[in-house]
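> The following block contains the structure, expressed as structure tokens.
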2 protein chains.
Amino acid sequence: MIIDIHGHYTTAPKALEAWRNRQIAAIKSPSEMPSASELHIGDDELRESIEANQLRLMRERGLDLTVFSPRASFMAHHIGDFEVSSTWAAICNELCYRVSELFPDSFIPAAMLPQSPGVDVSTCIPELVKCVEQYGNVAINLNPDPSGGHWTSPPLSDRYWYPIYEKMVEYDVPAMIHVSTSCNACFHTTGAHYLNADTTAFMQCLTSDLFRDFPTLKFVIPHGGGAVPYHWGRFRGLAQELKKPLLKDHLLNNVFFDTCVYHQPGIDLLTRVIPVDNILFASEMIGAVRGIDPETGHYFDDTKRYVEAAHIEPDARYKIYEGNARRVYPRLDAALKAKGR
Amino acid sequence: MIIDIHGHYTTAPKALEAWRNRQIAAIKSPSEMPSASELHIGDDELRESIEANQLRLMRERGLDLTVFSPRASFMAHHIGDFEVSSTWAAICNELCYRVSELFPDSFIPAAMLPQSPGVDVSTCIPELVKCVEQYGNVAINLNPDPSGGHWTSPPLSDRYWYPIYEKMVEYDVPAMIHVSTSCNACFHTTGAHYLNADTTAFMQCLTSDLFRDFPTLKFVIPHGGGAVPYHWGRFRGLAQELKKPLLKDHLLNNVFFDTCVYHQPGIDLLTRVIPVDNILFASEMIGAVRGIDPETGHYFDDTKRYVEAAHIEPDARYKIYEGNARRVYPRLDAALKAKGR
């Protein structure tokens, strides 16, 4: 079984974006604020948007199940206030839940949170509770920079974030640490901000003792861990300078990397450097890079091809495809087992 | 001959830091502002600080020449105003120049600029002119984020930066794109901010047509290019999405990567992915990672060991060690040739 732990609903029907545009426009003229009930997307539209896109590619590539969350770049937590984020998160999470109900064998949801810069993160708890308890979400996406490229929140090791961590630990759901769109002209969203956030989050963990406070907290660093595996020697050396334990003891019980690295040499490095127990299969399909690589004739984001070609043992491939996901996402494992999978 | 194109004067005599601390303290009480002439560092002190450190390690490792610039994390362009940065840059550049005069066979200087957030970059030109014309500097370090982690300057493709580029082109000196210390709690300086800046700068070049305006402008992206080589497929794919030419045509006549990657798998990826003409040997010694790798028993930053062990042709190794540096740093080549080297 092949589980893709990083898929976003990037192909939602246009009505969603139209509603969001009305919501954003209404921030300056509140009387025109649309209610969530004004958005109408039928099951057929949802089915079509999935069958023609993610599900088609999953079948072509032989992927069985995707952990499916709202479009990351559209979270845009920097827009409006908590109310705006809250309504938007509820809508997006409901859509992913509905997709998971329409295609229960192929999608299982992960939640975006109604974060808002400077707002107490405990305001996110009700949405998190609803998504886990009512929608069967198996993970959350946590944005370490809800300002969208201005990095005004405290580091992930700060107590500011602890209310979220306490709930994550209680439910045993991991967080993918995933920023949203950049509104800072310096950072291209998918080419710089995403990768920078991955590296930044890892280093925030490294310099802190966060996982001493939360021994069972689990973070998934997407996009192959940003710059981290490529600079693994640098990070091992920095940990040593900072008198931290070896990275395997200090972080690797809690921090995991996905395989969203879009060429063979990158996956080869990832699987050579990072212990196999810390690598989870993902493609972020359909996402930032949708084209076909002229050097291979295959989609850049067909990451299964790279994992297949990597010089690893069959058992390692099982862990990357399935075993690690079941361990890191216990609610995913439970949901599968409940269906005899 | 082995040229290390990325060395900083991280071991300057303590008097330098003491003077800087007085300068910083005086920002709030201007009557106590020290003058540059109050800093006294004798040639013997300079010699000692180099012989016991950089030069000792260069000899141990068989490195012949270092392109030597002021300590990057101490540039701290966010501190004070242009006057503060200007005095500080002049002092630091003079010290690197003096080191190059004391050890003319082993060090050749590269300049930091007196950047200051929000200030017109043409204010940096006089220091640049002095460093090239009087001090024989062969390159500059350009900070894409003089705010120190708040990223308030325009992208490197913006016309804001063009006065510097015009002078660089006139003199044919490359810029290493190198940030300084982070004053944003989110970013660890050497573990996140440096690598993020490398990735960010590359993506700023990718999304723009900067090198159409400046076909001979040259940027060196340090720290092995941040996350770029590891995600080379992602960047190739993003360029394709953005209807840009192939990266080799779009950027690789102008953008180069150093070898400051502190483990074998990283250098193996770099040399596998990036054309050999775009890789320049460097160690950033003595820098961020000073310890010995317990996995190898050798210094993390002894990057020559990794280049030696990489699966590349002897001719490729010559280019990485010497040939590319002579091409990318024409004034370095001229200075060497003037000495019959």
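> Report yes if B:SER106 is at pLDDT 95 or above and in contact with a His (Cβ under 9 Å, 6 or more places away or on another chain), otherwise no.
Values: at pLDDT 95 or above: yes; in contact with a His (Cβ under 9 Å, 6 or more places away or on another chain): no.
Answer is no for this residue.
> Do you know which residues across region A:1-11 are within 16 Å of A:ALA288 (Cα to Cα), touching a helix residue (DSSP H, G or I) at 6+ places or on another chain (Cβ under 6 Å) and assigned to a loop (DSSP other than H, G, I, E, B)?
Correct list: A:THR11 only.
> Can you tell me which residue among B:TYR194, B:TYR171 is crowded, with 23+ Cβ neighbours inside 10 Å and either at pLDDT 95 or above or within 12 Å of chain A (Cβ to nearest Cβ) (or both)? Explain how you work it out, then say what you get.
Working: B:TYR171 fails: crowded, with 23+ Cβ neighbours inside 10 Å.
That would be B:TYR194, the only listed residue that is crowded, with 23+ Cβ neighbours inside 10 Å and either at pLDDT 95 or above or within 12 Å of chain A (Cβ to nearest Cβ) (or both).
> Shifting gears a bit: Taking A:ASP213 as the residue in question, decide whether it is in contact (Cβ under 8 Å) with a residue 40 or more places away in the chain, at the interface with chain B (Cβ under 9 Å from one of its Cβ atoms) and of a type in the set (D, E, K, R). Steps first, answer last, please.
Values: in contact (Cβ under 8 Å) with a residue 40 or more places away in the chain: yes; at the interface with chain B (Cβ under 9 Å from one of its Cβ atoms): no; of a type in the set (D, E, K, R): yes.
So A:ASP213 fails the test.
> While we're on this one: Which one is farthest from B:ASP81 (Cα to Cα) among residues in region B:12-44 that are of a type in the set (Ser, Thr, Tyr) and outside any helix (DSSP H, G or I)?
Narrowing region B:12-44 to residues of a type in the set (Ser, Thr, Tyr): B:29, B:31, B:35, B:37.
Add one more test, that the residue is outside any helix (DSSP H, G or I), and what stays is B:29, B:35.
Details: B:SER29: 14, B:SER35: 15 Å.
Here the answer is B:SER35.
> Out of (1) within 13 Å of chain A (Cβ to nearest Cβ); (2) in contact with a strand residue (DSSP E or B) (Cβ under 7 Å, 6 or more places away or on another chain); (3) open to solvent by 10 Å² or more (accessible area, probe 1.4 Å), the odd one out for B:ARG272 is which?
For B:ARG272, the exception is condition (2).
> Against the definition (open to solvent by less than 10 Å² (accessible area, probe 1.4 Å) and more than 29 Å from B:SER37 (Cβ to Cβ)), how does B:ASP145 come out, yes or no?
Values: open to solvent by less than 10 Å² (accessible area, probe 1.4 Å): yes; more than 29 Å from B:SER37 (Cβ to Cβ): yes.
Yes, satisfied.
> What number goes with the only condition from (1) touching a Leu at 6+ places or on another chain (Cβ under 9 Å); (2) assigned to a helix (DSSP H, G or I); (3) open to solvent by 30 Å² or more (accessible area, probe 1.4 Å) that B:GLU60 does not pass?
So the condition that B:GLU60 fails would be (1).
> Go through region B:72-126 and give me each residue that's within 24 Å of B:ALA338 (Cβ to Cβ), under 18 Å from the mean Cα position of the chain (by Cα) and part of a helix (DSSP H, G or I). Lay out the reasoning, then the answer.
Restricting attention to region B:72-126, the residues satisfying the condition of being within 24 Å of B:ALA338 (Cβ to Cβ) are B:93-111.
Next cut, under 18 Å from the mean Cα position of the chain (by Cα) only: B:93-97, B:99-100, B:106-111.
Correct list: B:ASN93, B:GLU94, B:LEU95, B:CYS96, B:TYR97, B:VAL99, B:SER100.
> With the requirement that a residue be within 16 Å of A:MET176 (Cβ to Cβ) and facing another protein chain (nearest Cβ under 7 Å), what does region A:225-246 give you? First the steps, then the outcome.
We begin by selecting, within region A:225-246, every residue within 16 Å of A:MET176 (Cβ to Cβ); these are A:225-226, A:228.
Passing the criteria: only A:GLY226.
> Could you please find all residues in region B:146-156 being more than 7 Å from chain A (Cβ to nearest Cβ) and either of a type in the set (S, T, N, Q) or more than 10 Å from B:ASN184 (Cα to Cα) (or both)?
B:PRO146, B:SER147, B:THR152, B:SER153, B:LEU156
> Please find, within region B:135-145, the residue that is nearest to the other protein chains (Cβ to nearest Cβ) out of those that are farther than 25 Å from A:ASP145 by Cα and assigned to a loop (DSSP other than H, G, I, E, B).
Going through region B:135-145, the residues farther than 25 Å from A:ASP145 by Cα turn out to be B:135-142.
Okay, now just the ones that are also assigned to a loop (DSSP other than H, G, I, E, B), so B:135-139.
Details: B:TYR135: 31, B:GLY136: 32, B:ASN137: 27, B:VAL138: 26, B:ALA139: 23 Å.
Within region B:135-145, the match that is nearest to the other protein chains (Cβ to nearest Cβ) is B:ALA139.
> Restricting attention to region A:93-122, which residues are polar (S, T, N, Q) and either in contact (Cβ under 8 Å) with a residue 60 or more places away in the chain or touching a Phe, Trp or Tyr at 6+ places or on another chain (Cβ under 6 Å) (or both)? Break it down into steps so the answer makes sense when it comes.
Keep residues of region A:93-122 that are polar (S, T, N, Q), which gives A:93, A:100, A:106, A:115-116, A:122.
Residues satisfying the conditions are A:SER100, A:SER116.
> Something else now. Taking the residues in region A:275-294 that are under 19 Å from the mean Cα position of the chain (by Cα) and of a type in the set (Val, Ile, Thr) as candidates, determine which candidate is farthest from the other protein chains (Cβ to nearest Cβ). Don't jump to the end; show me each part of the working.
Of region A:275-294, the ones under 19 Å from the mean Cα position of the chain (by Cα) are A:277-290.
Imposing the further condition that a residue be of a type in the set (Val, Ile, Thr) reduces the set to A:279, A:286, A:289.
Details: A:ILE279: 14, A:ILE286: 12, A:VAL289: 4 Å.
Among those residues, the one meeting the criterion is A:ILE279.
> Shifting gears a bit: Can you tell me which of B:VAL129, B:VAL169, B:VAL173 is of a type in the set (Val, Ile, Thr), part of a loop (DSSP other than H, G, I, E, B) and farther than 28 Å from A:TYR160 by Cα? Lay out the reasoning, then the answer.
Working: B:VAL129 fails: part of a loop (DSSP other than H, G, I, E, B); B:VAL169 fails: part of a loop (DSSP other than H, G, I, E, B).
After applying the criteria, what remains is B:VAL173.
> Then there is this: What are the residues in region A:87-110 that are over 19 Å from A:ILE41 (Cα atoms) and either in contact with a Pro (Cβ under 9 Å, 6 or more places away or on another chain) or open to solvent by 40 Å² or more (accessible area, probe 1.4 Å) (or both), if any? Spell out how you get there, then give the answer.
Residues of region A:87-110 over 19 Å from A:ILE41 (Cα atoms): A:105-106, A:108, A:110.
Result: A:ASP105, A:ALA110.
> Right, something else. Any residue in region A:236-265 that is more than 24 Å from B:VAL289 (Cα to Cα) and without any contact (Cβ under 8 Å) to a residue 12 or more places away in the chain sitting within a Cβ distance under 7 Å of a residue that is of a type in the set (A, V, I, L, M) and crowded, with 18+ Cβ neighbours inside 10 Å? List the pairs, counting only those 6 or more apart or interchain.
Qualifying pairs under 7 Å: A:PRO265/B:LEU269; A:PRO265/B:VAL273.
> With a cut-off of at least 1 residues that are touching a Gly at 6+ places or on another chain (Cβ under 9 Å), name the helices (runs of 4 or more DSSP H) lying wholly within region A:291-330.
Details: elements: A:303-309, A:314-318, A:324-328.
Qualifying helices (runs of 4 or more DSSP H): A:303-309, A:314-318.
> Can you tell me which residues in region B:9-50 are among the acidic types (Asp, Glu) and loosely packed, with under 14 Cβ neighbours inside 10 Å?
We begin by selecting, within region B:9-50, every residue among the acidic types (Asp, Glu); these are B:17, B:32, B:38, B:43-45, B:48.
Matches in region B:9-50: B:GLU17, B:GLU32, B:GLU38, B:ASP43, B:ASP44, B:GLU48.
> On the given criteria, is B:ASP302 under 19 Å from B:ILE2 (Cβ atoms), in contact with an Asp or Glu (Cβ under 9 Å, 6 or more places away or on another chain) and within 12 Å of chain A (Cβ to nearest Cβ)? Please lay out each step first, then the result.
On the way: under 19 Å from B:ILE2 (Cβ atoms): yes; in contact with an Asp or Glu (Cβ under 9 Å, 6 or more places away or on another chain): yes; within 12 Å of chain A (Cβ to nearest Cβ): yes.
Taking the combined requirement at face value, the residue satisfies it.
Here's the yes/no breakdown for (1) over 23 Å from B:VAL228 (Cβ atoms); (2) under 17 Å from the mean Cα position of the chain (by Cα); (3) not hydroxyl-bearing (Ser, Thr, Tyr):
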| position | (1), (2), (3) |
| --- | --- |
| A:GLY225 | no, yes, yes |
| A:ARG234 | no, no, yes |
| A:GLU241 | yes, no, yes |
| A:LEU246 | yes, no, yes |
| A:HIS250 | yes, no, yes |
| A:THR259 | no, yes, no |
| A:PRO265 | no, no, yes |
| A:LEU270 | no, no, yes |
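> Further, regarding this structure: Among the residues of region A:53-64, are any closer than 24 Å to A:GLU166 by Cα and touching a residue at least 12 places away in the same chain (Cβ under 8 Å)?
Kept after step one, since they are closer than 24 Å to A:GLU166 by Cα, are these residues of region A:53-64: none.
No, that holds for no residue.
> What residue, among those in region A:63-84 that are among the hydrophobic types (A, V, I, L, M, F, W, C) and in contact with a His (Cβ under 9 Å, 6 or more places away or on another chain), is most open to solvent (accessible area, probe 1.4 Å)? Before the answer, list the steps.
Filtering region A:63-84 for residues among the hydrophobic types (A, V, I, L, M, F, W, C) gives A:63, A:65, A:67-68, A:72, A:74-76, A:79, A:82, A:84.
Restricting the remaining residues to those that are in contact with a His (Cβ under 9 Å, 6 or more places away or on another chain) gives A:67-68, A:72, A:74-75.
Details: A:VAL67: 5, A:PHE68: 1, A:ALA72: 3, A:PHE74: 63, A:MET75: 1 Å².
Among them, the one singled out is A:PHE74.
The values are calculated or read from the model by the stated rules, or taken from the named source; none is laboratory data. Just so it is clear, the model here is predicted, and its values are computed rather than measured. Here Cβ is always computed from backbone atoms with ideal geometry, including for glycine, and neighbour counts include all displayed protein chains. Surface areas here come from the heavy atoms of the whole protein model, side chains and all, with no ligands, DNA or RNA. Shrake-Rupley method; radii C 1.70, N 1.55, O 1.52, S 1.80 Å.
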